[in-house]
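A.B. asks: Here it is, the structure, as structure tokens.
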């Protein structure tokens, strides 16, 4: 069998820790779930940020992480559903809304929403 990497995951929602042995050719999320970890996820294909983590130590690769900008990947964010361990790792889950704001917040207007515009004018 190929090398196994030790991945320690801190689930901040529940303040629990999971330590799993992950082969380099298996997604981290899938392997962790196989070992009983219940971690956040949604799409399972790298298109959203529900399974986002911050890498605290170690290295991983995530070639299919289309839901996470290259800038955030360089800043140490990863999507567990499409990440492969390249070394022993320590990661912590992130709040999906926080990651979404980091990634897309600059594109959305800030401030009060105005309501009460008439739909029909006679």
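Where a number appears in this text, it was derived from the coordinates with a stated rule and is not lab data. Source: prediction; values computed, not measured. Glycine also receives a Cβ, built like all others from the backbone with ideal geometry; neighbour counts cover every protein chain displayed.
A.B. asks: Give the Rg/Rh ratio for the range 1-89, taking Rg as the radius of gyration of the Cα atoms and Rh as the Kirkwood radius, to two decimals.
C.D. replies: 0.92
A.B. asks: Using R₀ = 35 Å, calculate the FRET efficiency as 1/(1 + (r/R₀)^6) where r is the Cβ-Cβ separation of residue 21 and residue 101; round to 0.05.
C.D. replies: 0.55
A.B. asks: Sequence gap at least 6, Cα distance under 8 Å: using those rules, report the relative contact order of the range 1-102 to the nearest whole percent.
C.D. replies: 34
A.B. asks: What residues from the range 74-103 fall in the zone where the backbone N is under 11 Å from a label point 7 Å along the Cα-to-C-beta line of residue 42?
C.D. replies: 96-101
A.B. asks: Which of the peptides 85-94, 29-38 is most tightly packed, and how do the rest follow, judged by the mean count of other Cβ atoms within 10 Å per residue?
C.D. replies: Per-residue mean Cβ counts within 10 Å order the peptides as 85-94, 29-38.
A.B. asks: Evaluate 2.2 N^0.38 Å with N set to the residue count of the range 59-99, then give the Cα radius of gyration divided by it.
C.D. replies: 1.09
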